[in-house]
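Reading through the structure tokens given below for one structure.
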Amino acid sequence: MADMKFCYKCGEKIFQEAEICPKCGVRQMHPPNYQQPASGAAASAQQSPPAAAGQPATQPGTSGQGAQPAAHYEERKSPALAAILSFFWCGLGHVYCGDFAFGLMLILVYPIIAFVCSITIICIPVVLLMWFWGMYDSYGLAQRINRGEVKS
């Protein structure tokens, strides 16, 4: 599980090591003498006192002004599943990742290209390249979604 923080400009959840917020594009700069908060439950318990009853927990390492609720990251899309779906039919991995327009276009265009290429035989490598590219691209799309670079 990756550590998350919040963009100081828009408040979007971003990875701890992110230098630029994927939502608003603002560079995440640390003030001079900034120390990264230690990861783990024991370290966060040492850095901040427990929240009072009825108050939300704050992110470790933040205090006072601008404290944000604690972040919990869950993987949203499985890159392996996206590639496997594209293995069975070109475009299914993109639909799984939420890119419906492009995925449906691949689902509809791929059999047409495959049929035309099967008649001419010479362009069968084009069909294979399109099939492999669909698997590779859906795998990368799922990874970009999980990193927060692309909204699903």
If you go through Gly93, Gly140, Gly98, the only one that is at pLDDT 80 or above, under 30 Å from Lys9 (Cα atoms) and part of a helix (DSSP H, G or I) is Gly140
- Task: Tell me, yes or no, whether the range 73-83 has at least one residue that is without any contact (Cβ under 8 Å) to a residue 60 or more places away in the chain, assigned to a helix (DSSP H, G or I) and open to solvent by 90 Å² or more (accessible area, probe 1.4 Å).
- Result: no
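The values are calculated or read from the model by the stated rules, or taken from the named source; none is laboratory data. What you see is a predicted model; the values in this text were computed from it and never measured. Don't worry about glycine lacking a Cβ; one is built from the backbone with ideal geometry, like all the others, and counts go over all protein chains shown. In case anyone asks, the SASA skips ligands and DNA or RNA and just uses the protein heavy atoms, side chains included. Shrake-Rupley method; radii C 1.70, N 1.55, O 1.52, S 1.80 Å.
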